[in-house]
Amino acid sequence: MFEIIESLKVPWPWYVAGAVIGLIVPALLIIGNKTFGLSSNLRHICAACFPANIKFFKYNWKNELWNLFFVVGIMIGAFIATHYLSNSNAIIINENLKSTLINLGVTDFQHLMPAELFSFNSLSSIRGFILMVVGGFLVGFGTRYANGCTSGHAIMGLSNLQWPSLVATICFMLGGFIMTNFILPFILQFN
Amino acid sequence: MSNHTQPMNDLKLDETSACINHSEKKESVFSLLKYALIGMLFGIVFVKAEIISWFRIQEMFLLQSFHMYGVIGTAVTVGIISVAIIKKYNIKTIQGEKIIIVPKTFTKGQIYGSLLFGLGWAMTGTCPGPIFAQIGSGLMSGFFILASALFGTWTYGFFQEKLPH
């Protein structure tokens, strides 16, 4: 039993994670005819909390309660994994990325997110504000405009062989490549 | 079932295939807990496979690591096989309903929106699922990213009819 728990504490390989995520697609369909897609929750929260008489938020969000239960589950699962299934080792990062980041003053490799960029204190730095607030805005605005995110398009849509989802997935990746390779090195200089 | 009664032209602009509830059956709070259980498993995988790590997302876009490609590739492969099996054998839900997956309709908004989301994905290292996992794992930044993402979604809703689709 002890060995099993210890072996769960090291980072899990991609094929285990990929298989579990892939199986969520049929699991949701079979237990309740639900299609996998998480960005809709941002819309449901807006509809529930700040509808502001906007047509886009006038629908019965209570029909979508299952998805909000799903994200509450994600939070609980993440809590359990962080507190009971993790070791305290620093995460292993590609050496090139590590040296690039150290040159830019990012030296916290102990956590999943570097504290120099993603923390309460970094919110008052230009780069921290841009990454968290502007980046977060683009995530919320872009996913709704695209009508889906990595789960709704890249996983659910591609699983159902939908070409609009393939277009969306290619554009997700393109946006990411442009940001990380050409824009982020510039943003990270504004400490 | 609001979306099934809407006129078709409304459905085009208000395309919500990613968030339509297809089941005709009302579910009790107790019954909804099964979604929370699946969510829990997902949350554990997000943390344990470091999918919620900003570093892993940077490595993906810098082509420095296979990890995220492996995760997404395996997930899509398993998903394609599962959906094909469900369709071929006409598998029903546990309540005995026919499984319905609404096809995605294409709009130009998917190109503009997806590019914008891609930029935000690389900046935050986060997409809408991992935001919640970050909050659960105790990362304060998750709250700021979630608040900003909600404001982004709200802003989209506000300008929806004026945006090109």
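The values are calculated or read from the model by the stated rules, or taken from the named source; none is laboratory data. What you see is a predicted model, and the numbers here were worked out from it, not measured in a lab. Here Cβ is always computed from backbone atoms with ideal geometry, including for glycine, and neighbour counts include all displayed protein chains. The protein model used for the area step is the full one, side chains on, heavy atoms only, and it has no ligands, DNA or RNA in it. Shrake-Rupley method; radii C 1.70, N 1.55, O 1.52, S 1.80 Å.
Over segment A:56-191, accessible surface divided per residue gives 42 Å², non-protein components excluded, 1.4 Å probe.
When the charge dipole of the protein assembly as shown is built from unit charges on Cβ atoms (+1 for Lys and Arg, -1 for Asp and Glu) and taken about the Cα centre, the candidate among B:ALA133, B:LEU150, A:ASN160 whose Cα reaches farthest toward its positive end is A:ASN160.
Note on the protein assembly as shown: helix-only mean residue ellipticity at 222 nm, from DSSP H runs of 4+ residues weighted -39500 (n - 2.57) and normalised by residue number, equals -18000 deg cm²/dmol. Heavy atoms only, probe 1.4 Å: what % of the accessible area of segment A:1-108 goes to carbon and sulfur, would you let me know? The value for segment A:1-108 is 67 percent carbon and sulfur by accessible area. Here is the list for segment B:88-147: trypsin sites (Lys or Arg not before Pro) lying in DSSP coil, each with at most 12 other C-beta atoms within 10 angstrom of its C-beta, are B:LYS108.
To the nearest 100 Å², how much accessible surface do chains A and B hide from each other in total, with a 1.4 Å probe? Write out the running numbers ahead of the final one.
On the way: alone 13740 and 12550 Å², together 14960 Å².
Buried surface at the A/B interface: approximately 11300 Å².
Binning the C-alpha pair distances of the protein assembly as shown at 20 Å intervals from 0 yields a P(r) profile of 32, 60, 9 %, listed from the shortest bin outward.
Would segment A:74-142 count as rounded, prolate or oblate if I go by the C-alpha gyration tensor, calling it rounded below 1.5 in a/c and otherwise prolate when a/b exceeds b/c, oblate otherwise? Could you put the intermediate results ahead of the total?
On the way: a/c = 1.99, a/b = 1.12, b/c = 1.78.
Oblate, because a/c is 1.5 or more while a/b does not exceed b/c.
In sequence order, segment A:101-107 has phi-based couplings of 5, 4, 4, 9, x, 9, 10 Hz under the Karplus curve 6.51 cos²θ - 1.76 cosθ + 1.60, θ = phi - 60°, and Gly or Pro positions carry x. The mean count of C-beta atoms from other chains within 10 Å of the C-beta of residues in B:87-98, rounded to a whole number, is 2.
Ignoring any ligand, DNA or RNA, what whole percent of the accessible area of segment B:19-142 comes from carbon and sulfur when the probe is 1.4 angstrom?
C and S atoms contribute 73 percent here.
What's the ranking of B:115-121, A:182-188 by average number of surrounding C-beta atoms within 10 Å, highest first? Can you show the working numbers first?
Values: B:115-121: 27.7, A:182-188: 14.6.
Descending packing order for the listed peptides: B:115-121, A:182-188.
Site pair A:SER88 and B:LEU33 shows an inter-label distance of 3.5 nm when each label is modelled 7 Å from Cα along Cα→Cβ.
Note the count of lysine pairs whose C-alpha atoms are less than 28 angstrom apart in segment B:22-165, limited to pairs 8 or more residues apart or on different chains. Qualifying lysine pairs in segment B:22-165: 25.
Classify segment A:108-166 from the C-alpha gyration tensor, please: rounded if a/c falls under 1.5, else prolate or oblate depending on whether a/b exceeds b/c. Kindly include the intermediate steps, with their values, before the conclusion.
Details: a/c = 5.15, a/b = 2.19, b/c = 2.35.
Because a/c hits 1.5 or more and a/b fails to exceed b/c, segment A:108-166 counts as oblate.
Values of log10 I(q)/I(0) for segment A:9-154 across q = 0.18 Å⁻¹ run -1.34, by the Debye formula with one identical scatterer at each alpha carbon and no solvent. The Cβ shell under 13 Å around B:GLY70 holds other residues with a net charge of -1, Lys and Arg each +1, Asp and Glu each -1.
What order do you get for B:42-50, A:121-129, A:28-36 when each peptide is scored by the mean count of other beta carbon atoms within 10 Å, highest first?
Working: B:42-50: 26.1, A:121-129: 15.8, A:28-36: 22.4.
With the highest mean Cβ count within 10 Å placed first, the list reads B:42-50, A:28-36, A:121-129.
The accessible-area loss of segment A:130-156 on complex formation, taken against its chain alone with a 1.4 Å probe, reaches 50 Å² or more at A:MET132, A:PHE137, A:LEU138, A:VAL139, A:PHE141, A:TYR145, A:ASN147, A:THR150.
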